[in-house]
Amino acid sequence: MKVMVLIKANADSEAGVMPSEAMLTEMGQFNEELFKAGVMVAGEGLHPSSKGVRVKCSGQERTVTDGPFTETKELIAGFWIWQVPSMEDAVNWVKRSPFQDGEIEIRPIFEADDFGEAMTPELREQEDRMRAELEEGK
């Protein structure tokens, strides 16, 4: 199963406080463990919400709001995408992460089979083609 691991923002990440060299070293070691174990698909830290925008969709209307956004507990500071055998395995990896404070959310990523009959053979073929092209572009 593929999961997205969401690292929640905090006051420091929203203030643009950069991690220490020690934290970057720990994170690098943890990411290397994930990579060597074949778990890590992707992972990145995010700039604070002051550098972002939100786009609200309402019918055909789009409203753009510049950051920063006030609800820190609802914001994301970074993410990983992992390929794991189970949610339990993902939880066990998170427990080994170097984070000392904050909240980490793990969410399964939809796979084509999750959509049932709505994922027609034509849509599945389109999806497979796009994924193959994305892989070629790496």
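The values are calculated or read from the model by the stated rules, or taken from the named source; none is laboratory data. Please read all numbers here as calculations on a predicted model, not as lab measurements. Every residue, glycine among them, receives a Cβ derived from its backbone with ideal geometry; neighbour counts consider all protein chains shown.
Within the range 79-90, being out of contact with any Pro (no Cβ under 8 Å at 6 or more places or on another chain) and either over 21 Å from residue 9 (Cα atoms) or exposed (fewer than 15 other Cβ atoms within 10 Å of the Cβ) (or both) holds for 83, 84, 85, 86, 88, 89.
Within the option set 112, 132, 90, being touching a residue at least 60 places away in the same chain (Cβ under 8 Å), small (Gly, Ala, Ser) and out of contact with any Ser or Thr (no Cβ under 9 Å at 6 or more places or on another chain) holds for one residue only, 90.
Set side by side, the residues 34, 6 differ, and just one is in a helix (DSSP H, G or I), touching a Gly at 6+ places or on another chain (Cβ under 9 Å) and closer than 28 Å to residue 128 by Cα, which is 34. Which one is surrounded by the fewest Cβ atoms within 10 Å (Cβ to Cβ), of the residues in the range 29-64 that are of a type in the set (S, T, N, Q) and under 17 Å from residue 9 (Cβ atoms)? The selected residue is 50. Checking each residue in the range 22-68 for being over 30 Å from residue 89 (Cβ atoms) and among the hydrophobic types (A, V, I, L, M, F, W, C) picks out 53, 55, 57, 64. Inspection of the range 97-106 finds no residue satisfying the criterion of being surrounded by 11 or more Cβ atoms within 10 Å (Cβ to Cβ), part of a helix (DSSP H, G or I) and of a type in the set (Val, Ile, Thr). Modelled with pLDDT under 95, surrounded by 12 or more Cβ atoms within 10 Å (Cβ to Cβ) and assigned to a loop (DSSP other than H, G, I, E, B): is that true of residue 115 in this structure? Answer is no for this residue.
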